[in-house]
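This report concerns only the one structure given below.
The values are calculated or read from the model by the stated rules, or taken from the named source; none is laboratory data. This structure is a prediction, so every number in the text was calculated from the model and none was measured. All Cβ positions, glycine included, derive from the backbone under ideal geometry; neighbour counts span all protein chains shown.
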Amino acid sequence: MGTDNSEKIIIEKALSLFSAHGYDGTGIQDITAAAGITKPTLYYFFGSKDGLFEAVWETYFPLLETPLRVYCTYENHIKDYENDVYGQLVHISLVFFQYALANPEFYRLMMESVCAPPESKSSTLSTAYFKKLYSLLEQFFTGASEAHGNMVGKTLQFAVSFLAQINAYAAMRLVLGKGDIQRPDLDEACAQQLVKQFMHGIFA
């Protein structure tokens, strides 16, 4: 088994366990048993459980961050509602939705980590990644505020609340069973619904 492939398998098995049981609920023995390796092998590649947890994030987080960057620079189409803030937020929502569908285990881990106690390892090891997400979204809203003056001074608030709404939809998809009529499809229509609700409130 090649070195790269061994490392990849360990990261995949660790993700499944971290996603299902959390950082604290997953032991080194659990990971080595799932990956079919010895503890020295795990320590050789990652140094510690913390190092492996960070490797999981370094592997899967860029798959979300990279496409997100494409849409987080606001383009001024103020006279064209469909392509201005509304349309661009739909694109951003779809990036998250498509990622959640393609990487459900990591998305669950993200949501577990963001809700973890601030002093927990899961929180401290993932905080920098969430700051990147909030920074990208705030960048978008800051750009939009230059064209829409009523948004000035609220950009971080918008970034936090918009991501929370996206995560609520993703959580429903990941938690509810396939036969549940309330399970969102996380498609374009769902993204449009989310953005209209975010922009116009409960009467949207």
**Prompt:** Does Lys154 satisfy the condition of being surrounded by fewer than 19 Cβ atoms within 10 Å (Cβ to Cβ) and more than 15 Å from the chain's Cα centre (by Cα)?
**Reply:** yes
**Message:** Let me confirm something: among Ala100, Ala144, which residue is closer than 30 Å to Lys13 by Cα, part of a helix (DSSP H, G or I) and at pLDDT 95 or above?
**Reply:** Ala100
**Asked** Inside region 192-204, can you point out the residues that are part of a helix (DSSP H, G or I) and within 15 Å of Ser161 (Cα to Cα)?
**Response** Leu194, Val195, Lys196, Gln197, Phe198, Met199, His200
**Message:** Against the condition within 16 Å of Trp57 (Cβ to Cβ), in contact with a Leu (Cβ under 9 Å, 6 or more places away or on another chain) and at pLDDT 95 or above, how does Leu109 come out, does it pass?
**Reply:** yes
**Message:** Condition (residue is within 22 Å of Ala55 (Cβ to Cβ) and in a helix (DSSP H, G or I)) applied to region 83-94: is it met by at least one residue?
**Reply:** no
**Request:** Among residues belonging to region 50-74 that are without any contact (Cβ under 8 Å) to a residue 24 or more places away in the chain and not β-branched (Val, Ile, Thr), point out the one that is nearest to Gln98 (Cα to Cα).
**Result:** Pro62
**Fill in**
Of Asp30, Asp80, Asp84, the only residue that is assigned by TED's automatic domain parsing to the domain that holds Cys190 and surrounded by 14 or more Cβ atoms within 10 Å (Cβ to Cβ) is Asp84
**Prompt:** So which pairs qualify, if the first residue must be in region 159-175 and acidic (Asp, Glu), the second must be assigned to a helix (DSSP H, G or I) and surrounded by fewer than 14 Cβ atoms within 10 Å (Cβ to Cβ), the Cβ gap must be under 7 Å, and the two must be at least 6 apart or on different chains?
**Reply:** none
